[in-house]
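Shown next, in structure tokens, is the structure this report addresses.
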Amino acid sequence: MKSSRPLTDLMPIPRPGVHQRSQNHPKIRELTYSFSMDLVAEREFLSKLIGRNIKITTVHGCFQGELFHIDAARAIMLTNVKDLSTGTTLPGPKLFFGHVILKVETAAEEPPKRVSQEQKEPNNERNDGALSLEEMKSALDTKEFSAAAAPIMKQMWNVEIMKYSDEEDINYVLIDQFQPMFGLAIRHLKNQKVLSLSAVAVDMSLHGKLCCLQVATKSWVYIFDIHLLGPGVFKNGLQMVLEDKGILKVIHDCRWLGNFLSQRYSVMLTNVFDTQVADVYLFSMETGGFLPSRTSTVRECLTRYLNLSSSQVSFLTFVETFNKDNPNIWCSRPLPTDALKLLVVDVIHLLDLRSAMLDAMLKDYTLLVDGYLNGNRLRTSAGFFSSETTSTELPEELQQLSVLQQRRREQALKDYQVNSRGFLERAEK
């Protein structure tokens with residue numbers, strides 16, 4: 001698997017320094033940073049300043065605000081931004097691109113303001129479903145994520161786990177800003193016939209927070225950072241892709257995601273192939289019309305239809321456990337590489353699963369066609385072919401479908417127990 005690389009060229013390595021502020025503030029140290037580091041050094045340096053007040057000098061002027069996010073392409077997002085040249089406060093968060101940034105410095109912290117009791121009370125209303133900066137600060141940091149994920153990653157990235165995928169490398173790219181990759185990703189997705197979808201959220205309800213949406217093609221996985229991009233990610237093109245009737249979307253259990261997108265973002269998913277629904281349909285077909293007592297997980301479907309071993313699908317157990325025990329981790333920024341890999345493996349298998357399920361759905365049809373073709377040949381060679389057979393008569397070969405279904409029902413009653421509702425008890429794998 002190949003990770004994404006930023007489109008921008010790497011810059012020369014800088015020499016960040018620590019300088020004393022003026023004599024007016026002898027106790028406050030100021031970090032001054034020349035914005036020309038290599039990618040890794042930049043992110044490590046600036047990540048330590050998230051949530052702090054910083055001053056940015058650009059080719060257009062000086063700005064001050066709280067550091068909210070640093071992306072892989074050297075763009076910095078500030079909240080509570082103030083234009084120091086005019087003294088005016090700018091509305092909303094602001095994004096500063098790396099090529100216009102000259103210097104980054106820590107700014108003097110303002111003394112805390114006295115607030116009224118009304119202001120202290122939390123406001124539970126959210127317009128965009130994003131976490132506040134205070135919630136962001138309380139989220140687990142990258143080090144805690146790495147410590148919690150270490151044993152999972154060690155097992156998950158065993159070579160055997162990825163054997164089920166095609167030999168072609170899977171590339172992924174994190175879309176956490178609208179430039180430069182967002183437009184390219186949308187154009188690429190609009191040209192596809194089939195996509196697979198998955199998502200991670202905090203609290204799987206209408207009151208929850210959608211953190212990331214993964215959209216996969218045969219060779220690329222796009223991870224859209226909904227937490228950072230907000231509703232604009234849909235209005236600027238992703239909604240068009242999700243509502244396009246000419247693009248098939250493969251999902252396992254589309255109920256939550258479809259309902260969430262509809263209620264929170266007015267996005268109506270169309271042309272969906274649900275692998276959970278397909279599994280119930282195939283079970284009914286294989287048992288002569290019976291229904292199972294429960295639905296199957298993705299892990300069970302991969303084992304059943306792609307013939308994967310338990311070790312090959314164990315990564316999904318890790319993902320489920322991790323989502324249950326550490327749901328707020330998906331709101332921490334920047335997301336570690338290990339977290340991104342978890343999101344990738346959570347979606348790339350769905351396209352292969354759909355293909356295997358479609359083959360299984362056509363099994364009876366193929367069997368009937370083969371009997372249709374061979375039966376006619378045998379009768380002709382034996383001299384029993386009659387040209388007087390009308391096209392409206394149901395041929396003997398097609399009548400075998402009811403015989404096949406009856407045999408399957410009889411066998412199903414031997415293999416499964418029937419519950420009080422008439423459903424077959426399906427053992428968990």
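For Tyr372, the solvent-accessible surface with a 1.4 Å probe is about 110 Å², rounded to the nearest 10.
Cross-link pairs exceeding 32 Å between alpha carbons, from the set Lys245/Lys414; Lys103/Lys209; Lys249/Lys341; Lys55/Lys190; Lys82/Lys249: Lys245/Lys414; Lys103/Lys209; Lys55/Lys190; Lys82/Lys249. For the pair Lys324 and Asn236, a Förster radius of 41 Å applied to the C-beta separation gives a FRET efficiency near 0.80, rounded to the nearest 0.05. Sorting the segments 414-422, 79-87 by their residues' average number of neighbouring beta-carbon atoms within 10 angstrom, most packed first, yields 79-87, 414-422. Restricting the calculation to Cα atoms, every distinct pair contributes to the Kirkwood radius of the stretch 162-292, found to be 15.8 Å.
The values are calculated or read from the model by the stated rules, or taken from the named source; none is laboratory data. On a predicted model such as this, the values are computed, not experimentally measured, just so you know. Positions of Cβ are backbone-derived with ideal geometry, glycine not excepted, and every protein chain shown enters the neighbour counts. Side chains included, ligands, DNA and RNA excluded: accessible areas come from the protein's heavy atoms. Shrake-Rupley method; radii C 1.70, N 1.55, O 1.52, S 1.80 Å.
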